[in-house]
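Chemist: Once you've had a glance at the structure underneath, I'll fire off some questions.
The values are calculated or read from the model by the stated rules, or taken from the named source; none is laboratory data. Bear in mind that the values here come from a model prediction, so they are computed numbers and not experimental data. Glycine also receives a Cβ, built like all others from the backbone with ideal geometry; neighbour counts cover every protein chain displayed.
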Amino acid sequence: MGRVNPRTQPRIQPTEVRRANFEEVIQGIRPEDVIDEAYRCLQCEGARCQEACPLHNQIPKWMRKVTEGRFEEAYRILRETSPMPELCSRLCPQERLCEGACALGIKHEPVAIGLLERFVSERGETGFKSNGSPHAPRVTVKKRAAAIGSGPASLAFAQILARQGHSVTVFERWPHAGGVLRWIPRFKMPEAVLDKHIETLVKLGVSFKTGVEVRTSGELLSKGFDAVFVGIGASRPSSPKIPGIALGNILSSTEFLVRVYYDPKAVPNGWKPITGLAGRRIVVLGGGDSAMDCVRTAIRLGSTDVSLLYRRDEANMPGSKKEVKATKEEGVRMEYLAAPVAFHTDDAANVSRVECVRMELGPPDASGRRSPVAIEGSTFIKEADLVVLAFGYEVEGGVVKTHSATGATAAPGVFAGGDCVTGPNLVCTAARQGVLAAQGASRYFAGEAWETLLK
C-alpha cells in the first residue's frame, strides 16, 4: 500500500459555542472533501465493514459511486439495504460497527463511512424515486398491515410494505410518531430529519394514527388487518431498589429527555416541559449513550454543575466513544468507579443529596466486563437538585420471541422486531428487524404457510 491520506475531519461546532445551543454538533463533511475521502476505501472483497453493519449495507459498492461523483447512484445502492440512512448515519456508533471493522483502520484511521453516508443521503436523495421497492417488486394483491409503535423498527416495516403496494397503518399511543427517535437530542439529530422521514412515508401511503393505544395484536387482526407488527420497544426504565429512589426530582432518562425535547404543547403522561436548569446541580447515573444525552442536554439548559457517575471505569463504559469524548469536551465531570447507595432529602419531598460509594473492579461478570465491587468505608456525598437515572431499559412484559429471519411470532399473522425482541439496542439493528419482518410478511401475503415462516 502506498501513501494513505489522513482521514477527513467533519465540520464541528466549537465546544464553547455548542455548549450554548442545541444545533447539530457534527455538521457534516465538506463537499470538497467527499471524493478524496471515498478514495481511501480499499474496495475489499468480502468487506468486513459490510459484515459489521447490522443492515449489511454494500459499503464498497456505493463508495465506488461516490469516487465517481455519482451520488444518486450511491444513494440508490445504499437504499437497497437501508430504509433510513439519513438517521443511521447520524445515530450509529460507527466506531463499533462499520468503521471499527474497516480494513484500512488496522494500520491507519478508518474511512469516514458515517460522514459519507450522511452526505450521500442528503445529496443523493433528490433524484431517488420514492415508488417501488429495492426489496421486492410491487404486488398485484394489496393487503392490510398494521404496526404497533412508531419507532425505527415499525417505520422500516411500514416503509418496505408500502413500497410494495400494501396498505400500512402505524399506531402510536403518544401524540407524535417516531417513538424514541422523537426525543433524540437535537444536537445529535435535528427533529426536521425525523419529520422529513415520516413525511416520506406518508407520501408512500403509510397512515399514522397517533394518540391511539393498542393493547393486543388480536384487536387489530379482528378489525381486518392481514398482519400486525409489534414494535413497542423497550420502554420501561430499569430502576434498582435504592433507598429514597421515590423522592421528587429523581427522573428516568426517558422522562428527562421527553420533558426537554418533546413538543411542549403535547408532553405525555402529565409531565411538564423542562426549559432551563441554570443554578441547579445535576447528577446523572449511568454510562451508556442515554446518560451522555442527559448530561450534554443539562449543560445546554444552563447548568454549570453537571456530574456523571458510573460504577465501572471509562474503558468499560457501554456508551459510544465519540459520545464520551464529546461529553468530556463540554465540561461534564465524569466520576468513574462510583455508585449510588441512597438518596436523601432536606424537605421530605425532593432529592437533595446522593450518597455514593467508591468501587473497584473484580472478576468478569456474564457480560465479560469486570464486576464492580464496593470499597468498604469509601462513602461520599454528592449534592444534587436533580438526579437522572440512566440505568438502561427493559421490555414491558418481557421480550417477544420471534423467528430471527422472518420476525414471525407463534401467533399467526403477528410479527415483531426491534428492542421489544432484542432488548435495548441500536437504531440500525431495529431497522434491520423491521426489514426482515416486512419480508416475512410479504411471504405470508403471497400465500406461504405460517409454519414455514417459523422454520
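Chemist: What is the residue count in the stretch 439-455 for residues that are part of a helix (DSSP H, G or I) and of a type in the set (Lys, Arg)? Steps first, please.
Modeler: Step one: of the stretch 439-455, the residues part of a helix (DSSP H, G or I) are 439-445, 450-453.
With the extra rule that they be of a type in the set (Lys, Arg), the set shrinks to 443.
Selection size over the stretch 439-455: 1.
Chemist: Can Ser238 be described as of a type in the set (S, T, N, Q) and either touching a Lys or Arg at 6+ places or on another chain (Cβ under 8 Å) or buried (at least 20 other Cβ atoms within 10 Å of the Cβ) (or both)? Talk me through it step by step, then tell me what you get.
Modeler: Details: of a type in the set (S, T, N, Q): yes; either touching a Lys or Arg at 6+ places or on another chain (Cβ under 8 Å) or buried (at least 20 other Cβ atoms within 10 Å of the Cβ) (or both): no.
Spelling it out, it is not the case that Ser238 is of a type in the set (S, T, N, Q) and either touching a Lys or Arg at 6+ places or on another chain (Cβ under 8 Å) or buried (at least 20 other Cβ atoms within 10 Å of the Cβ) (or both).
Chemist: Name the residues in the stretch 366-388 that are over 30 Å from the mean Cα position of the chain (by Cα) and within 18 Å of Ser307 (Cβ to Cβ), would you? Talk me through it step by step, then tell me what you get.
Modeler: Filtering the stretch 366-388 down to residues over 30 Å from the mean Cα position of the chain (by Cα) leaves 373-383.
Within the stretch 366-388, Ser378, Thr379, Phe380, Ile381, Lys382, Glu383 qualify.
Chemist: Tally the residues that are acidic (Asp, Glu), under 24 Å from Gly69 (Cα atoms) and either under 26 Å from the mean Cα position of the chain (by Cα) or modelled with pLDDT of 95 or more (or both), restricting the search to the stretch 12-52.
Modeler: First, pick out the residues of the stretch 12-52 that are acidic (Asp, Glu): 16, 23-24, 32-33, 36-37, 45, 51.
From the residues that got through so far, the ones that are under 24 Å from Gly69 (Cα atoms) too are 32-33, 36-37, 45.
The next check asks that each one be either under 26 Å from the mean Cα position of the chain (by Cα) or modelled with pLDDT of 95 or more (or both); those that pass are 32-33, 36-37.
Residues in the stretch 12-52 being acidic (Asp, Glu), under 24 Å from Gly69 (Cα atoms) and either under 26 Å from the mean Cα position of the chain (by Cα) or modelled with pLDDT of 95 or more (or both): 4 in total.
Chemist: Quick one: Leu436 ticks every box in (1) in a helix (DSSP H, G or I); (2) loosely packed, with under 14 Cβ neighbours inside 10 Å; (3) of a type in the set (A, V, I, L, M, F, W, C) bar one, so which box is it?
Modeler: Only one criterion is unmet by Leu436, namely (2).
Chemist: For the stretch 371-414, what are the residues that are touching a residue at least 24 places away in the same chain (Cβ under 8 Å), assigned to a strand (DSSP E or B) and surrounded by fewer than 21 Cβ atoms within 10 Å (Cβ to Cβ)?
Modeler: Ala374, Phe380, Ile381, Lys382, Glu383, Glu394
Chemist: Would you mind stating whether Gly127 is modelled with pLDDT of 95 or more and not β-branched (Val, Ile, Thr)? Spell out how you get there, then give the answer.
Modeler: On the way: modelled with pLDDT of 95 or more: no; not β-branched (Val, Ile, Thr): yes.
Considered against the rule, which asks whether it is modelled with pLDDT of 95 or more and not β-branched (Val, Ile, Thr), Gly127 comes out as no.
Chemist: Looking at (1) over 22 Å from the mean Cα position of the chain (by Cα); (2) within 30 Å of Lys322 (Cβ to Cβ), can you tell me which one Glu219 breaks?
Modeler: So Glu219 meets the others, but not (2).
Chemist: From the list Val421, Val387, exactly one residue is of a type in the set (A, V, I, L, M, F, W, C) and assigned by TED's automatic domain parsing to the domain that holds Leu251. Which is it?
Modeler: Val387
Chemist: Name the residues in the stretch 426-448 that are in contact with a helix residue (DSSP H, G or I) (Cβ under 6 Å, 6 or more places away or on another chain) and without any contact (Cβ under 8 Å) to a residue 60 or more places away in the chain, would you?
Modeler: Selection gives Gly440 alone.
Chemist: Also: What number of residues in the stretch 167-190 are closer than 20 Å to Ala441 by Cβ and either among the β-branched types (Val, Ile, Thr) or assigned to a strand (DSSP E or B) (or both)?
Modeler: Of the residues in that region, 6 qualify.
Chemist: In the stretch 212-220, is there at least one residue being surrounded by 15 or more Cβ atoms within 10 Å (Cβ to Cβ), over 30 Å from Glu95 (Cβ atoms) and hydroxyl-bearing (Ser, Thr, Tyr)? Spell out the reasoning first.
Modeler: Here is the first cut: in the stretch 212-220, the ones surrounded by 15 or more Cβ atoms within 10 Å (Cβ to Cβ) are 214, 217, 220.
Keeping just the survivors that are over 30 Å from Glu95 (Cβ atoms) gives 214, 217, 220.
From what's left, hydroxyl-bearing (Ser, Thr, Tyr): 217.
Taking every residue of the stretch 212-220 in turn, at least one turns out to be surrounded by 15 or more Cβ atoms within 10 Å (Cβ to Cβ), over 30 Å from Glu95 (Cβ atoms) and hydroxyl-bearing (Ser, Thr, Tyr).
Chemist: Which of the helices (runs of 4 or more DSSP H) found entirely inside the stretch 33-94 contain at least 3 residues meeting this: in contact with a Lys or Arg (Cβ under 8 Å, 6 or more places away or on another chain) and aliphatic (A, V, I, L, M)?
Modeler: On the way: elements: 34-38, 48-52, 59-67, 71-79, 85-91.
Output list is empty.
Chemist: Still on this model: Out of the helices (runs of 4 or more DSSP H) lying entirely within the stretch 191-290, which hold 3 or more residues that are among the hydroxyl-bearing types (Ser, Thr, Tyr) and outside the structural domain of Ala449 (by TED's automatic domain parsing)? Steps first, answer last, please.
Modeler: Numbers: elements: 191-204, 217-221, 253-261.
In the stretch 191-290, 253-261 are the helices (runs of 4 or more DSSP H) which contain 3 or more residues that are among the hydroxyl-bearing types (Ser, Thr, Tyr) and outside the structural domain of Ala449 (by TED's automatic domain parsing).
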